[in-house]
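Reviewing the structure listed below.
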Amino acid sequence: MSPQHVDQSATVVWTGTIARGSGAVTGASGSLGPLEVDLPTRVGEAEGKTSPEELLAAAHATCFAMALGSVLAGRKTPPARLEVRATVSLDLSAGRTQISLIELDARGEVPGADGEAFAEALAEAEERCLISRVLTNGTTVRANGGLA
């Protein structure tokens, strides 16, 4: 019997203020991190560190590639290779910093599919990609905690 749900998690340990502090994020699986994060990286040059937006882009690109591969395989045109780039745009000019756009660019080697079939598969993959869906619907987010 398959599980009713699967939990995946990551933890960040942060020290200091937002402006002068820094942290490290690690995935519970052990395959991610520790990856250093700080505010200057988030709004400027990466300098070997990551940001929440880069991590979101990585998650979105991966999820979309998996969804697209599934759609193409279901249409009897399994891909030989897919490359998906997700770009998360952080708008610093609005009175409040916000993510203004997430753009996906997918390229593929798909024997048996033409441009129209690939475009249709892209549209279906966007509907199937769980990260795309969570970014456009009312998924519940809960914040819990306490003082150490």
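The values are calculated or read from the model by the stated rules, or taken from the named source; none is laboratory data. Source: prediction; values computed, not measured. Backbone-built Cβ (ideal geometry, glycine too); neighbour counts: all protein chains shown.
For the residues Ser100, Ser132, the requirement of being of a type outside the set (Val, Ile, Thr), at pLDDT below 95 and either closer than 25 Å to Ile18 by Cβ or in a loop (DSSP other than H, G, I, E, B) (or both) singles out Ser100. Considering the range 2-48, the residues that are hydroxyl-bearing (Ser, Thr, Tyr) and surrounded by 14 or more Cβ atoms within 10 Å (Cβ to Cβ) include one that is nearest to Ser93 (Cα to Cα), namely Thr41.
State whether the residues of the range 85-101 include one that is in contact with a His (Cβ under 9 Å, 6 or more places away or on another chain) and hydrophobic (A, V, I, L, M, F, W, C). Yes, the conditions are met somewhere in the range 85-101. Note on the range 84-97: among residues that are more than 16 Å from the chain's Cα centre (by Cα) and more than 16 Å from Thr41 (Cβ to Cβ), the one that is surrounded by the most Cβ atoms within 10 Å (Cβ to Cβ) is Asp91. Suppose we filter the range 77-101 for residues that are more than 18 Å from Phe118 (Cβ to Cβ), among the β-branched types (Val, Ile, Thr) and touching a helix residue (DSSP H, G or I) at 6+ places or on another chain (Cβ under 6 Å); how many remain? Number of matching residues: 1.
In the range 98-132, the qualifying residues are those that are farther than 18 Å from Ala73 by Cβ and among the small types (Gly, Ala, Ser), and the one that is surrounded by the most Cβ atoms within 10 Å (Cβ to Cβ) is Ser132.
Taking the criterion of being crowded, with 17+ Cβ neighbours inside 10 Å and touching an Asp or Glu at 6+ places or on another chain (Cβ under 6 Å), the residues of the range 49-83 that qualify are Lys49, Val71.
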